[in-house]
Amino acid sequence: MNELSIDLQQWIEHSYTEAPIGIALISIEGNWIQANPSFCNTLGYTEPELKRLSNKDITFPGDLKIDEEYMAKLLRAEGDKYQWEKRYFHKNGHVVWMSKQASLIRDDQNQPLYFIAHVIDISSKKNVEVKMHETECMYKLISENALDIISYMTPEGITEYCSPSIRDVLGYEPEEWIGRNNFHYYHPEDVAALKAKPFADHDVSTYRVRHKSGYYVWFETSTKIIRDDSGEIQRVLGIGRDITERKKFAESFAEAQQIALLGSWEWDIVTDKVSFSEQIYKIFNLKQQGAVPSNGFLQLLHSEDQQRFLELRSEALDGHTVSGEFRHLEPNGSVKHLHIRARVTFSNKGQPLKMYGTTQDISERKKVELTLQETIERYTSLKKYNHDAIVSLDLDGNILNMNAMAERITGYKVKEVAGLNISKFIGVKYRNRILLETTNHTSVERDINKIKHRDGHSTEVLTTIAPIIINKMTKGYYIIAKDITEQKKLLIAKEAAERTNKAKSEFLAMMSHEIRTPMNGVIGMTDLLLETTNLSEEQREYIQVISKSGSTLLAIINDILDFSKIESGRAVMISEPFNIRELVDETLDVFQLKAREKKLEVKTSISPSIPGMLIGDSNRLKQVLMNVIGNAIKFTEHGDVSITIQDLEKGFGSVLLQFTISDTGIGIPKDKLKYLFEPFSQLDNFMTRKSEGTGLGLAISKKIVEMMGGEIHAIQTDEPGATFVFTAYFQHEDIHETTHAEYTGKDEQDQQETLNILIAEDNEVNQMVLTRMLEKMGFQPSLVENGNEVLEALKQADYDIVFMDIQMPLMNGLDATREIKKVFPAGKWPYITAVTANALRGDQEICIAAGMDDYISKPIKMEDLARVIHRYRSQKTSNHL
């Protein structure tokens with residue numbers, strides 16, 4: 001066998017031994033015959049250990065059937081090869097996902113000999129939803145033993161000797177070849193090329209030879225020319241071998257390389273030439289050519305990586321098998337990531353001869369790695385800096401990890417509790433319920449309301465349980481706990497303050513009523529006295545002072561009554577059509593005399609885009625304007641007072657107006673601005689004490705403005721005087737389109753005032769929060785604790801809006817919504833708003849899909865409730881119109 005044959009054999013052995021894919025032979029009975037190192041390493045076995053097992057022994061039970069089906073198809077010759085995915089058991093017991101490609105090798109009689117399998121580890125692909133880790137592909141290739149035929153031929157190609165091995169290889173007796181030209185047995189397509197090829201002292205030819213049975217066998221023949229002393233060719237020595245299986249192997253190997261984006265290369269160190277496989281050309285987008293100088297291969301790598309490759313190559317020349325990741329810069333500026341492996345073969349004298357290497361395009365894997373790294377970093381940051389305590393558990397309830405907030409609540413560091421059971425902090429009972437109730441944790445979430453600290457005290461929490469799902473299987477649980485200690489304190493303090501305010505308001509109302517009765521008598525009697533004709537001037541003056549003082553005192557009592565009514569939530573907003581321009585004129589008429597006495601100019605500007613007719617509580621709006629404009633005129637001695645009204649936004653059926661009242665009076669000290677809207681704090685105290693009053697005017701105005709969905713504030717400027725700005729929402733109607741017979745002020749008033757609201761919430765704290773907020777907005781909601789009670793409540797009464805908690809016992813909010821839409825007719829469906837502690841991407845879509853109309857997430861704010869109510873009213877107005 002000449003040197004070229006040895007090199008080829010070494011290359012095949014190297015490809016088999018060093019290939020990053022698994023290669024194995026399986027007997028027809030399913031036993032392992034042979035496996036390369038990559039296959040063994042992937043499953044953790046040595047080759048002897050694997051040979052003592054069968055394919056069935058290490059196949060996942062659920063995948064045996066598909067194995068049997070494909071093997072049977074190959075035996076029935078229904079295909080040349082098949083590829084499928086299956087699971088193997090690793091030696092240590094865990095499951096490894098493989099992409100398996102198998103084909104069947106048959107003998108000369110077409111009888112099955114063994115299966116050839118090459119596999120790729122696709123575990124990372126199967127776990128990409130959670131792990132997204134590096135995909136390590138391992139292929140199985142086939143190796144073969146070449147049976148050599150030794151022959152002597154004349155320069156004309158006449159065979160003089162043929163070894164007996166020809167019987168096994170080609171089916172001929174040696175005598176059938178001797179004395180004949182062997183071109184007679186070659187494939188017609190190969191004969192012309194062989195005849196045209198000149199003799200060389202050492203040569204290798206590949207061609208097809210006809211088997212005695214009629215089919216063709218691929219042959220590779222190494223020839224050596226034997227010359228006489230004069231140099232004339234005497235004989236040609238040929239050593240030929242059957243490479244049919246090798247050709248199949250090469251085709252399969254090329255296909256495997258293409259699938260894995262893997263190419264091979266060979267550096268002839270002696271000649272300093274590098275030759276590439278077909279896949280290398282594809283990886284680097286090169287035109288196929290002959291061997292190139294080694295520097296040409298180096299230039300294919302990113303300039304920043306070339307020195308590192310030279311260092312890697314030096315390690316290989318020292319006898320090490322090396323590998324590393326490098327980059328290739330594409331002409332368009334994009335970057336390919338490559339994984340390069342290499343090994344050097346040496347002569348008997350230790351001289352390096354050739355370097356064999358593989359290059360794999362791992363760009364997609366790098367993208368996955370970068371995405372995974374980004375995901376990990378995002379998750380780590382979210383977990384680390386989350387204000388809620390997060391604890392991860394395995395399926396036995398043992399703690400795997402927890403964040404800084406969990407360390408604070410438990411009093412332990414992560415390293416102290418890793419491996420401890422969560423029952424230490426929540427009790428065995430709740431630990432068991434978490435592990436058993438894998439589909440619905442609503443009840444256990446509600447019951448886990450305390451977490452024990454190492455010093456013995458407990459922290460009150462709101463808990464969420466979430467499964468850890470990997471590859472569609474539950475692998476553990478997250479406990480997410482919000483510390484509500486301060487929230488509970490604030491709620492208790494808020495409730496106490498509300499009780500105090502309510503008691504104060506009720507006391508003021510009672511005292512005001514008690515005072516009003518005698519005051520009505522005083523004022524009435526003074527009026528009768530003033531009508532008497534025989535009073536002296538002095539007596540008349542005294543009685544007028546009494547009457548004026550009584551009227552002032554009655555005005556104070558009225559302010560107190562009005563404020564106490566608003567403060568206690570008993571004030572009702574009336575909705576009726578009104579003309580905003582006429583309302584402003586009526587308001588200014590009241591102050592016309594006072595402004596004329598002070599020689600003040602009162603200017604008004606109302607945006608022409610504001611609808612002529614609005615719908616709302618005109619009396620309350622006038623009350624606010626009276627207070628603010630009255631103060632402006634009261635505290636302005638010279639100059640002017642201006643009133644500007646603009647529309648800030650206009651939606652379907654509603655408009656937001658902004659009122660700006662400015663004066664040139666004495667202004668407001670900057671440090672007093674914060675007291676302007678506090679009850680019982682008189683504006684006069686900041687300037688003079690000439691005026692009388694309760695100090696409730698601006699406080700009442702603030703409450704009214706908030707009831708109209710707006711806000712009020714004073715603006716501090718460098719100009720003299722003061723500027724007040726307030727906003728308010730109103731409905732609007734087009735004068736030319738309000739002829740609908742059923743659309744009356746009474747209808748609109750009912751729509752605005754009488755909302756029947758139902759709260760479905762099982763948590764007492766959340767019940768309190770929602771109820772108090774709605775009460776502050778002027779509503780009296782009803783309360784139920786689960787979905788079943790919601791259905792019963794809807795059978796007993798009609799509700800306009802249902803604030804539906806998602807997680808409730810017996811029947812959750814989603815199921816309750818579906819039942820409402822199924823059981824009740826469409827006309828009886830309330831406006832269902834989801835109230836949920838979850839705020840993850842996709843939760844709102846789930847709620848809407850269940851039939852809900854709106855969505856708010858905890859913690860709930862007043863503006864959230866106002867938005868829902870506004871949307872409901874707008875929708876109802878739209879439907880009515």
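The values are calculated or read from the model by the stated rules, or taken from the named source; none is laboratory data. It should be emphasised that the depicted structure is a prediction, and the values quoted were computed from it without experimental measurement. With ideal geometry, Cβ positions are generated from the backbone for all residues, glycine too; neighbour counts draw on all protein chains shown.
Total residues in the range 44-55 satisfying the condition of being out of contact with any strand residue (DSSP E or B) (no Cβ under 9 Å at 6 or more places or on another chain) and either without any contact (Cβ under 8 Å) to a residue 24 or more places away in the chain or not assigned by TED's automatic domain parsing to the domain that holds I33 (or both): the figure is 2.
Where in the range 586-671 are there strands (runs of 3 or more DSSP E), lying fully within it, with 3 or more residues that are in contact with a strand residue (DSSP E or B) (Cβ under 9 Å, 6 or more places away or on another chain) and crowded, with 21+ Cβ neighbours inside 10 Å? Spell out the reasoning first.
Values: elements: 601-606, 613-616, 640-651, 654-663.
Filter on the range 586-671 gives 613-616, 654-663.
Here I58 passes the criteria (1) over 17 Å from N31 (Cα atoms); (2) of a type outside the set (G, A, S); (3) free of Cβ contacts under 8 Å to residues at least 60 places away in the same chain except the one numbered (1).
Scanning the range 316-335 for residues that are farther than 17 Å from E18 by Cβ and outside any strand (DSSP E or B) turns up D318, E330, P331, N332, G333, S334. Checking each residue in the range 156-175 for being in contact (Cβ under 8 Å) with a residue 24 or more places away in the chain and either exposed (fewer than 13 other Cβ atoms within 10 Å of the Cβ) or in a helix (DSSP H, G or I) (or both) picks out E156, V169, L170. Is at least one residue of the range 132-152 modelled with pLDDT of 80 or more and surrounded by fewer than 14 Cβ atoms within 10 Å (Cβ to Cβ)? The answer is no; no qualifying residue exists.
E325 fulfils the conditions (1) surrounded by fewer than 15 Cβ atoms within 10 Å (Cβ to Cβ); (2) touching a Ser or Thr at 6+ places or on another chain (Cβ under 7 Å) except for a single criterion, (2).
Please indicate, with yes or no, whether at least one residue in the range 690-697 is modelled with pLDDT under 80 and on the phi > 0 side of the Ramachandran plot. Please lay out each step first, then the result.
So in the range 690-697, the residues modelled with pLDDT under 80 come out as 690-697.
Then drop every residue that is not on the phi > 0 side of the Ramachandran plot, which leaves 693, 695.
There is at least one residue in the range 690-697 that is modelled with pLDDT under 80 and on the phi > 0 side of the Ramachandran plot.
Just one of the listed residues (T464, T410) is over 27 Å from I806 (Cβ atoms), of a type in the set (S, T, N, Q), under 30 Å from the mean Cα position of the chain (by Cα) and crowded, with 16+ Cβ neighbours inside 10 Å, and it is T410. Checking R446 against (1) in contact with an Asp or Glu (Cβ under 7 Å, 6 or more places away or on another chain); (2) among the basic types (K, R); (3) more than 21 Å from E486 (Cβ to Cβ), which single condition isn't satisfied? The one condition R446 does not meet is (3). Is the range 186-195 home to any residue that is of a type in the set (A, V, I, L, M, F, W, C), farther than 19 Å from K247 by Cα, out of contact with any helix residue (DSSP H, G or I) (no Cβ under 9 Å at 6 or more places or on another chain) and part of a loop (DSSP other than H, G, I, E, B)? Checked against the condition, which is being of a type in the set (A, V, I, L, M, F, W, C), farther than 19 Å from K247 by Cα, out of contact with any helix residue (DSSP H, G or I) (no Cβ under 9 Å at 6 or more places or on another chain) and part of a loop (DSSP other than H, G, I, E, B), the range 186-195 yields no hits at all. Taking (1) assigned to a helix (DSSP H, G or I); (2) in contact with a strand residue (DSSP E or B) (Cβ under 6 Å, 6 or more places away or on another chain) in turn, R343 satisfies each apart from (1).
Pairing each residue of the range 783-800 that is not assigned by TED's automatic domain parsing to the domain that holds E819 with any residue that is surrounded by fewer than 18 Cβ atoms within 10 Å (Cβ to Cβ) and of a type in the set (D, E), provided the two are 6+ apart or on different chains, yields no C-beta distance under 7 Å.
Against the condition of a type in the set (S, T, Y), modelled with pLDDT of 80 or more, under 24 Å from Q109 (Cβ atoms) and surrounded by fewer than 17 Cβ atoms within 10 Å (Cβ to Cβ), how does S213 come out, does it pass? Break it down into steps so the answer makes sense when it comes.
Values: of a type in the set (S, T, Y): yes; modelled with pLDDT of 80 or more: yes; under 24 Å from Q109 (Cβ atoms): yes; surrounded by fewer than 17 Cβ atoms within 10 Å (Cβ to Cβ): yes.
Taking the combined requirement at face value, the residue satisfies it.
Figure legend. Inter-residue proximity from the range 603-624: first residues under 13 Å from S701 (Cβ atoms), second residues at pLDDT below 90 and hydroxyl-bearing (S, T, Y), beta-carbon distance below 6 Å, spacing 6+ or different chains. Indicated pairs: K622/T587; V624/S701. In the range 287-301, the residues that are surrounded by 11 or more Cβ atoms within 10 Å (Cβ to Cβ) form Cβ pairs under 8 Å with partners that are acidic (D, E) and in a loop (DSSP other than H, G, I, E, B), at six or more places apart or across chains, as follows: P293/D272; S294/D272. When restricted to residues that are touching a Lys or Arg at 6+ places or on another chain (Cβ under 7 Å) and at pLDDT 80 or above, the range 470-494 contains 0.
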